[in-house]
Amino acid sequence: MTLSKVVIEFGDKLDFCRGFSFVTISRVRALSDLACRSRIGMGRFKNVGGLDKVAEDIRRRQILPFHDVVNPAVLGFSCND
């Protein structure tokens with residue numbers, strides 16, 4: 001769901017589940033369509049991951065069964081139409 005304009009109150013606590021703020025922000029097409037009701041402090045960005053989470057995600061992605069497609073026609077659809 002995409003929204004034309006959004007006003008968000010993040011509050012002073014961390015998200016109750018990882019990525020909730022990102023999902024909220026991603027509902028608009030541009031950052032200019034987003035307004036925050038209150039100031040967002042740097043404390044909100046602490047303990048949200050770090051290099052250990054990046055390394056864990058890289059390892060997880062390496063074992064996924066993704067393959068490059070040489071001929072996109074075999075997919076039966078085009079993502080760039």
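Points to keep in mind about this one:
- Taking the criterion of being outside any loop (DSSP other than H, G, I, E, B), surrounded by 10 or more Cβ atoms within 10 Å (Cβ to Cβ) and at pLDDT below 80, the residues of segment 30-53 that qualify are GLY43, ARG44, PHE45, LYS53.
- Residue that is surrounded by the fewest Cβ atoms within 10 Å (Cβ to Cβ) [pool: residues in segment 20-29 that are in a helix (DSSP H, G or I) and not hydrophobic (A, V, I, L, M, F, W, C)]: THR24
- Residue in segment 62-81 that is within 18 Å of GLY19 (Cβ to Cβ) and either part of a helix (DSSP H, G or I) or modelled with pLDDT of 70 or more (or both) present: no
The values are calculated or read from the model by the stated rules, or taken from the named source; none is laboratory data. A quick note: this is a predicted structure, and the numbers were derived from the prediction, not measured. Note that each Cβ is placed from the backbone with ideal geometry, even for glycine, and that neighbours are counted across all protein chains shown.
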